[in-house]
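A.B. asks: Before anything else, here's the structure in question.
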Amino acid sequence: MILIASGWHGVLKVGEEFKKEIEDKEIELKVVLTGRMAKEYQNLTKQGKKVNALIHTTC
């Protein structure tokens, strides 16, 4: 699972090519606002998922 924080206002956009590559590898991808990142990470790990997080914080 890859969890991406897209900034406080969602400015960071995840490209379609990247999404397709991740999908082709059968990896789950979730994009959330940075303010929701910690809560989302906690929820996913409580479900037993292994989560890699990429956090964009400057916007």
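A.B. asks: Over the Cα atoms, compute the radius of gyration (one decimal) and Dmax (the largest Cα-Cα distance, rounded to a whole number) for the chain, in Å.
C.D. replies: According to the Cα coordinates of the chain, Rg and Dmax are 11.4, 30 Å.
A.B. asks: Considering only lysines 8 or more places apart in sequence, or on different chains, count the pairs in region 2-56 whose C-alpha atoms sit under 22 Å apart.
C.D. replies: 17
A.B. asks: Related question: Pairs of Cα atoms under 8 Å, at least six residues apart: use those to get the relative contact order of the chain, whole percent. Mind showing how you got there, number by number?
C.D. replies: Numbers: 89 pairs, mean separation 33.3, N = 59.
57 percent.
A.B. asks: Is it possible to state the helix-based mean residue ellipticity at 222 nm for the chain, with each DSSP H run of 4+ residues giving -39500 (n - 2.57), the sum divided by total residues, to the nearest 500 deg cm²/dmol? What is it? Intermediate values should be presented prior to the final figure.
C.D. replies: Working: 2 runs with 19 residues, N = 59.
Theoretical 222 nm ellipticity from helices: -9500 deg cm²/dmol.
Each reported figure results from applying straightforward, stated rules to the coordinates on display, with no laboratory input. These numbers come from a predicted model, not from an experiment.
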